[in-house]
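Read the structure below first, then the notes.
Each value in this text was obtained by applying a stated rule to the coordinates, not by laboratory testing. Just so it is clear, the model here is predicted, and its values are computed rather than measured. Note that each Cβ is placed from the backbone with ideal geometry, even for glycine, and that neighbours are counted across all protein chains shown.
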Amino acid sequence: MKNIPVIMIIFGGSGDLAHRKLYPCLFNLYEQGLIHDNFAVIGTARRPWSHEYLREQVSDAIHETHDQVDENEVKAFASHFYYQSHDVTNVEHYVTLKKLAQELDDRYSAQGNCLFYMAMAPRFFGTIATHINDQHLTGSGFNRIVVEKPFGHDLVSAEQLNKEITASFDENDIFRIDHYLGKEMIQNIMPMRFTNPLIKNIWSGEYINNIQITLAERLGVEARGGYYDTSGALRDMVQNHIFQIITLLAMPEPKDLSSDSVHQAKQELLKSLIIPTPEEVKKNFVRGQYLGSDTTFAYKKEPNVDPDSTTETYVAGKTKFTSGPIAGVPIYFRTGKEFKEKKTRIDIVLKHINNPYGQAHSNNITIEVDPESKIYITINGKKIDEPGIRREDLTYAFSKEEMAKVPDGYERLLHDVFVNDSTNFTHWSELKRYWEFIDAVEDAWQKENEAGNPEIAQYLPYRMGPKEADNIFESPTEHWIYE
């Protein structure tokens, strides 16, 4: 790997994301030589830290995530970190930040290259972007910005934030990060679809009955009640993670693997995304809230949650496209908290075929993303010692040794930012379409709330969500594969 010169400014450098993910992943990239001699990182936050204290925090973060490290390497890496106490609303602080960045650019020969990372509360994203522009923080080399989710709260706020960011950065320099696109099995979707004739040739409405996506969380909202009650499962999980997965499953084959071609294929697909009407929302979507148990609070009893809240901790729904290889095929999704286990999986349910055995089931292709990483195809075969058909799985999985080599999603995506590969990030035109869909559902729910008759299913914790979600399927013979 080449040694990329750059000054990186992390807004939120004292935060949990920086400590748990960014610092350990940057260290891995440092060891690989992607960044090494000609880089510096400025961590900013309100806390009155010193350079030395930040370096101690960086060192601690590495030791917490690495079993064995070369202490000299850790010390050398941490020496590239600097701290600037910073109030993002104070214009004068940007002047000080710019001065420090210029000093470090000269010291490390960073060639005017700047990378900005927004790792703090989303309400400050617009303010930071505005002051990067009006205080001219961008350098004379490349200028890139990484924006964490959520990118806006709805389409209007997302458009405003995008306007503020594009005042300083071109679209190709804006990296809207979603760590799901860095996961091993999410990155396996395109190779699985496009390199296997067995799968590629049946990827159509002629053979696929439906696709099901489950993002199940084991825990409740816990200490995040204040944030979660302003968001909900639809905005928190569907608008980003689930729609990213849906797009990879439904997009046409790109002409090549360049970032431009992949995004062109995604945008072509999303033009045909069917935006649901209020009637379709009522029929094809279910929202729910978890109840309490002996070991957990009900959602409405959680700290910082409105006792009259209509915010959903569970949502199930359906999407369809009018073009693309699986045009017309229903894609069902569900996500929520307090499921029986933490699990992310995709089930591609193939159609039944007429056969002389009668009792043979359809084949299914399953992609398990978390906590295991594997793909398996469920097929029918003959029972050994009695008449009839048995079902078996053909499995593609990694050994423990291979899994140990799989990089963290953030490491992969940070690597891509440094080398200017935006394939696994979200283009504005894609994000805009996601928000149009989400807003249509939210608007329909808001009208129900205002009418005084919101349909919010209640479900017991440690199960699979509300039973009402079984009713969104188009056919009475369809059901959730993962139970």
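With a threshold of 28 Å on the Cα-Cα distance, the over-threshold entries among LYS183/LYS282; LYS351/LYS382; LYS200/LYS266 are LYS183/LYS282. Inverting the pair-averaged 1/r between distinct Cα atoms of the range 184-284 gives 16.2 Å as its Kirkwood hydrodynamic radius.
Set Lys and Arg Cβ to +1 and Asp and Glu Cβ to -1, take the dipole of the chain about its Cα centre, and tell me which of TYR410, GLY292, LEU215 lies farthest positive. Comparing the listed Cα positions along the dipole, LEU215 ranks first. For the range 401-460, the convex hull spanned by the alpha carbon atoms encloses 156 Å³ per residue. For the chain, the longest principal axis of the alpha carbon atoms and the long axis of helix 51-65 meet at an angle near 30°. In order along the range 465-480, the Karplus-derived 3J(HN,Hα) couplings, from 6.51 cos²θ - 1.76 cosθ + 1.60 at θ = phi - 60°, round to x, x, 5, 4, 5, 6, 9, 8, 6, 6, 10, x, 8, 8, 7, 5 Hz, and Gly and Pro are given as x. Let a ≥ b ≥ c be the square roots of the eigenvalues of the Cα gyration tensor of the range 269-369; is it rounded (a/c under 1.5), or, if not, prolate (a/b larger than b/c) or oblate? It comes out oblate by the Cα gyration axes.
The three principal axes of the Cα atoms in the chain give end-to-end lengths of 76, 54, 46 Å, sorted in falling order. Applying a DSSP loop filter and a limit of 15 other Cβ atoms within 10 Å to the trypsin sites (Lys or Arg not before Pro) in the range 406-483 leaves nothing. For helix 23-32, report the angle its Cα long axis makes with the longest principal axis of the Cα atoms of the chain; keep it between 0 and 90° and round to the nearest 10°. Between the helix axis and the principal axis of the chain, the angle is about 80 degrees.
For the range 6-176, the normalised intensity computed at q = 0.09, 0.14 Å⁻¹ comes to -0.29, -0.71 (log10 of I(q)/I(0), Debye sum over alpha carbons, equal scatterers, no solvent).
Net charge in the neighbourhood of MET403 (other residues with Cβ under 13 Å of its Cβ; Lys, Arg +1, Asp, Glu -1) is -3. For ILE326, the shell of other residues with beta-carbons less than 11 Å away shows a net charge of +1, using +1 for Lys and Arg and -1 for Asp and Glu. Against the main long axis of the alpha-carbon atoms of the chain, helix 409-418 sits at an angle near 50°. The local environment of LEU104, defined by Cβ-Cβ distances under 15 Å, has a net charge of 0 under the rule Lys, Arg +1 and Asp, Glu -1.
Positive-end ranking of VAL156, THR65, LEU104 along the dipole of the range 6-176, with charges on Cβ about the Cα centre, is headed by VAL156.
Taking the alpha-carbon distance from LYS271 and a cut-off under 15 Å, which aspartates and glutamates remain once sequence neighbours fewer than 8 residues away in the same chain are dropped? Answer for LYS271, where 15 Å is the Cα cut-off: GLU430, GLU436, listed by chain and number. Taking chymotrypsin sites (Phe, Trp or Tyr not before Pro) across the range 273-376, the ones in a DSSP loop with at most 12 further Cβ atoms lying within 10 angstrom of their Cβ are TYR357.
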